[in-house]
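See structure below.
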Amino acid sequence: MISSEYEGALHMFSRALARFGFAEDEIDPLLSRIRAHTYRGITPRSSEGLPLAKIEKRFEENRIFSVPVGKEAQARGKTIGGLEALLPPGVSLVAIRRKGRTLAEVPGDFVPDEGDTLLFSGPPGRAEEVAFLVSGE
C-alpha cells in the first residue's frame, strides 16, 4: 500500500523544487527516481540520473523552515495572500500543517489560525524575520 502521507511529502518537495526554479521536466524524473527507489518491489526502476549537483547548488542558499502561528503575530488574521505580500524577498510559503494534515495547495483567501504551522522556503537569514511575522516571537 502506498502511503498518502508519503505521496503528500513528495508533492510538497516538488513544490519546493519548483519555487527554487526547477522546471517540471527536471522535477518529474527526480520524483520518478525517488518513487522507483522507495517502491522498488512494486514499480520498475528508472534509469534516469538524479540532478544532484543542481539540487545541491540551489539549496545551498535556501532552506525549508517551519514556523507555528502565534496569537501575538503581525500576520494573525491575515489571508495567505496578505501574508505572502509581507514576506521578505526570497521567502515563499510552501505548505501549511493543520491538525495533523499537510495542506500543499492553499487558496489565497485561506486564513491560518493559531496552532497551524507554516512551512517556508528561503534564505536561512530570513527565518527569524519570518518567525517574528508569523509567531510574534
Given the structure, is residue 72 exposed (fewer than 12 other Cβ atoms within 10 Å of the Cβ), under 27 Å from residue 109 (Cβ atoms) and either at pLDDT 60 or above or outside the structural domain of residue 129 (by TED's automatic domain parsing) (or both)?
-> yes
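Got a number for residues in the stretch 96-121 being of a type outside the set (S, T, N, Q) and more than 21 Å from residue 137 (Cβ to Cβ)? Don't jump to the end; show me each part of the working.
Going residue by residue through the stretch 96-121, those that are of a type outside the set (S, T, N, Q) are 96-101, 103-116, 118-120.
Now drop any that are not more than 21 Å from residue 137 (Cβ to Cβ), which leaves 99-101, 103-110.
Result for the stretch 96-121: 11.
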What's the number of the condition residue 80 fails, among (1) at pLDDT below 85; (2) under 26 Å from residue 5 (Cα atoms); (3) among the aliphatic types (A, V, I, L, M)?
-> (1)
Residues of the stretch 96-120 classified as part of a strand (DSSP E or B) and at pLDDT below 85, total | 2
Filtering the stretch 1-40 down to residues that are part of a loop (DSSP other than H, G, I, E, B) and under 21 Å from residue 101 (Cα atoms), which residue is modelled with the lowest pLDDT?
-> 1
Going through the stretch 85-102 in order, the residues found to be more than 10 Å from the chain's Cα centre (by Cα), surrounded by 12 or more Cβ atoms within 10 Å (Cβ to Cβ) and free of Cβ contacts under 8 Å to residues at least 24 places away in the same chain are 98
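The values are calculated or read from the model by the stated rules, or taken from the named source; none is laboratory data. Computed from a predicted model, the values in this text were never measured in an experiment. Cβ coordinates were reconstructed from backbone atoms using ideal geometry, including for glycine residues, and neighbour counts include every protein chain displayed.
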